[in-house]
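The values are calculated or read from the model by the stated rules, or taken from the named source; none is laboratory data. This structure is a prediction, so every number in the text was calculated from the model and none was measured. A quick note on method: Cβ atoms are made from the backbone with ideal geometry, for glycine too, and the neighbour counts reach across all protein chains shown. The accessibility values were calculated without ligands, DNA or RNA, using every heavy atom of the protein model including side chains. Shrake-Rupley method; radii C 1.70, N 1.55, O 1.52, S 1.80 Å.
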Amino acid sequence: MSSRKQIIVSGGFDDIRSRQLRFLEEAAKLGELNVLLWPDETIQQIHGQPPKFPLAERLYFLNAVRYVTRVVTLGCPSSMALQSRALSPEFRPALHGSGEPCYAVPVDANSLPELDGIKPQVWVDEEPEANDLRRAFCQQHGIEYCVLPASQMSGFPEPPPMPSPPGRKKVVATGCYDWFHTGHVRFTEEVSAYGDLYVILGHDANIRLLKGEGHPLLPEAERRYVVGSIKYVKQALISSGEGWLDADPEIQRLKPDIYAVNEDGDRGGKREYCEQLGIEYLVLKRTPAPGLPRRSSTDLRGF
């Protein structure tokens, strides 16, 4: 076992946005971060409505977050069996965290279960979720209870470049990434297989120019933070040019080997641009991770 402290966070992590990512980042600064992920029925019981995203999708997203060491799914045997049957056969192993353990134990929001291989030393909470029951549980079991104040999670620090072995090709991808979802995660996962992935996000003024008023929904610093929190992304940057090729200044500086887009992004003169610069142009099909639904930022955003 690692000499670093074993940090625990527990929850549903439904509709993961920048706030949850900032919480995970700050918690991970304390040691190895283990996420205990609640099943759908626990979220239903606590919040009175089903999660926006099913367990398999929440699990897939969390496993892609650079701050997370391990994700453990919790739930009683009946709920896990039902959720497994609800998935297409090829993705049922995802309920085990792509090799991570799945524990068929009842979930109590105010305590931590005993799990093989995990000895919690610190339970980290956010202020809105913290309560005396959790504090008392930690005192009884010799676990430190750490409540992160909202002020500690303010702002969107630029994630530093992810470490990678030398000699890999450089790959760039561009886009708005206004409502980040598992389809985006899958795209970054696939593209990162070709080399170190640099994602260049359109700056706010250019997004408004291309998409109209009301766009983007989220400011550029927040969008960069969310994308940069994904482990498949070497570095997230903000463009400084204009138009469909607003990333030209950054591309000229990075000198990538490959420019990757999905089918929807194959426009705006990008193919011709790459031919002029001698950059390989890679078009990937827009396909979700096996067993997950296809997601659209427009549908999730509502406009």
Once amide H atoms are placed 1.01 Å from N in the peptide plane, what residues at a sequence separation of 5 or more from residue 107, or on another chain, have their amide H within under 5 Å of its amide H? 76
May I ask you to derive the relative contact order of the stretch 1-42, considering only C-alpha pairs under 8 Å and at least 6 residues apart, and to give it as an integer percent? 58
In square nanometres and to one decimal, what's the mean projected area of the convex hull around the Cα atoms of the stretch 160-237? 5.0
Whole-number Å³ per residue for the convex hull built on Cα positions in the stretch 145-295: 146
If you average the alpha carbon positions of the stretch 147-179 and of the stretch 232-297, how far apart do those two centres end up, in angstrom? 17
I'd like to compare 197-209, 165-177, 35-47: which one has the highest average count of other Cβ atoms within 10 Å, and what's the full order after that? 197-209, 35-47, 165-177
In Å², what does the accessible area per residue of the chain work out to with a 1.4 Å probe? 47
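Let me check against my output: what whole-number percent is the relative contact order of the chain, with C-alpha pairs under 8 Å and at least 6 apart?
17
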Net charge near residue 198: determine it from the other residues with C-beta under 9 Å of the C-beta of residue 198, scoring Lys and Arg +1 and Asp and Glu -1. 0
Each label point is 7 Å from the Cα along the Cα-to-Cβ direction; what then is the distance between the points at residue 283 and residue 5, in nm? 5.2
Aspartates and glutamates with Cα under 19 Å of residue 29, excluding same-chain neighbours fewer than 8 positions away: 125, 126, 127, 144, 158
The chain: calculated mean residue ellipticity at 222 nm from DSSP helix runs of at least 4, using -39500 (n - 2.57): -9000 deg cm²/dmol
If you look at just the Cα atoms of the chain, how large are its Rg and its Dmax in Å? 20.4, 67
Hey, rough spin-label estimate for residue 105 and residue 298, points 7 angstrom out along Cα→Cβ, what's it come to in nanometres? 4.6
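Say the cut-off is 27 Å between C-alpha atoms; which of 52/231; 169/211; 52/170 go over it?
Correct reply: 169/211; 52/170.
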13 Å beta-carbon shell around residue 75, net charge (K/R +1, D/E -1): -2
Roughly how many percent of the accessible protein surface of the chain is carbon and sulfur, given a 1.4 Å probe and a whole-percent answer? 50
Take the Cβ-Cβ distance between residue 145 and residue 221 as r, set R0 to 35 Å, and report the resulting FRET efficiency rounded to the nearest 0.05. 0.65
Starting from the Cα of residue 119, draw a straight line to each of the lysines and keep only those under 16 Å, dropping any in the same chain fewer than 8 residues away. 5
Defining a contact as two alpha carbons under 8 Å apart and six or more residues distant in sequence, what relative contact order in percent does the stretch 105-220 show? 19
